[in-house]
Structure formats: C-alpha cells, structure tokens
Amino acid sequence: MSQVLTETSWDFDELVERLVTEDDEPVDNIFSAKHQRLLTEILYSSWKPLPDEEHPNQPRSFFADSNIGIFFSVHEPPLVPDVFISLDVTAPENLYVKTGRSYLLWEYGKVPEVVVEIVSNKEGGELDHKLKTYARKGIHYYIVFDPLQLLSEDVLRVYEPGLLNHYRRREDFRLPDIGLGLTIWQGAFEGTTAEWLRWTDENGDLLLTGAERAADAESRAARLAEKLHQLGVDPNQI
C-alpha cells in the first residue's frame, strides 16, 4: 500500500512540474495592463477586508493578482482572469518554485471569491463560455468591464451565484459579502486620462491608490500647517 501511495504522489508531483504556468504571451493591450495594475495596487494600498466571526478584531488576509493562471486540476488548462481576489490566503513566500508561480487550487485549498475580466475584443467569451465556466467553478463574484461596449451596451456587469451553478446579474455594483463595490471613475492614472474601473468600500467611497493616499496626506498636512500659522504657532516647533 505504501508503495502505491508513493508512486501516486510522485506521479502527481511530476504532473505539477509539467504544468505550463506561463507562456510569455503579452497582455492584449496597454489599457488592460494599466487597469490590472490599478485594480490590484489599490487593494494592497487601501483595502482592509471585513473581519470574520472567528477573528472580529482583525481584517482577513487576502491575495490579489492579475493575468496569472488559476489551476483547478493538473488535468485541465487554467483560467487566466485579468484580476482576481482570494480571501483568507496569502501569496506564497517562494515565488520561484512551480507551486508558487500560479494559483494552484490544491495548494490554496479554495477558489478565489472575485474575478474581473476586462473586455478588449469580441473573442474572449466573457458573456458566454467564461460566464458559464466561472459559475461552474464556484467563483462567487464575476465582473465584466466592457469600456468600449464591444459585447453590449452595458459598460459594467456584476454577477453573483444563482440557481444550479448559474450566475444571476446583480442590479448594483456592490460585493456585499466581502465589503467591496465598483464604480466608473473619470481621471488620470499613470499619466492617462480615461474612464477607469475602480474599487469602492462598503459605503461607496473610492479606495485610493498609494499615490493618492500620499497626496491626500500631504494636502491635509499643509492645511493643518496653515491653520497653525493663522493661530500664531510655528508647526516646525511642535
């Protein structure tokens, strides 16, 4: 019996080593790449997930990333969403080994809660086979951002679980189970002014990038210094 288990384990490790975790294919366009950076950077800069019942005084851990494979088994090709969020997990410490280079379901023990797809052409299947596949795999929230309205008149769609492993479309853009929401924001990111998909908190307030947080802190410090000057206090002496 032990010999059979050892051989089975060896075979599985061999299959893992043979997985194609990256194929060096480029991102389809610059706008999608910028969106991926924006959506992931904001989460790490400004988001604190809601605590769970077991640990009410601390935010849950999470792992968010873009354009990497989610492997559900060693026998099928991965899904590669533009952005995903998985709660109660952390990124692997060693990003060089095979098991740390993609999201391997058997390593993390769960599917991501959120997947975002950014439509850049009519060939991606975001509203047909991807919609069905993500629902079947158990992804809780599936988001389709279609800035050029290539698939429909709707720029943004948010789906949640319905009946029999099918999605139903939400009427709003909130993700209430994890305390996030989405909005379309007009502004500049990395020198490009456009309409961007942005995260909000559970109250609908925009989550800030790291640069926006720094600018906001600098602005508040300047206002405080000005008030102190008006009161005859030198802020440098405090």
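Computed from the coordinates by the stated procedures, all read-outs in this text should not be read as laboratory data. Predicted, not measured: the structure shown is a model, and the values here were computed from it. Don't worry about glycine lacking a Cβ; one is built from the backbone with ideal geometry, like all the others, and counts go over all protein chains shown.
Take the residue pairs K48/K110; K98/K122; K34/K137; K110/K132; K34/K122; K48/K122 and return only those whose Cα atoms are more than 25 Å apart.
On the way: K48/K110 20 Å; K98/K122 33 Å; K34/K137 27 Å; K110/K132 19 Å; K34/K122 20 Å; K48/K122 35 Å.
Beyond 25 Å: K98/K122; K34/K137; K48/K122.
Starting at the first residue of region 181-195, write each ³J(HN,Hα) from the Karplus equation 6.51 cos²θ - 1.76 cosθ + 1.60 with θ = phi - 60°, in whole Hz, x for Gly and Pro.
Calculated HN-Hα couplings, in order: x, 9, 8, 9, 10, 9, x, 10, 9, 6, x, 10, 8, 6, 8 Hz.
Considering Cα pairs under 8 angstrom that are at least six residues apart, work out the relative contact order of region 111-214 and quote it in whole percent. Provide the component values of the computation, followed by the final result.
Details: 162 pairs, mean separation 18.1, N = 104.
17 percent.
Based on the mean of other Cβ atoms within 10 Å per residue, sort peptides 158-168, 62-72, 184-194 so the most packed one is first. Intermediate values should be presented prior to the final figure.
Working: 158-168: 13.9, 62-72: 19.2, 184-194: 11.5.
In descending order of packing, they fall as 62-72, 158-168, 184-194.
Per q in 0.19 Å⁻¹, report the Debye log10 I(q)/I(0) for region 27-180, using one uniform scatterer on each alpha carbon and no solvent.
-1.37
Going by average Cβ neighbours within 10 Å, how do the peptides 128-134, 111-117, 39-45 rank, with the highest at the top? Could you put the intermediate results ahead of the total?
Numbers: 128-134: 15.3, 111-117: 23.1, 39-45: 18.4.
The densest-packed peptide leads the list: 111-117, 39-45, 128-134.
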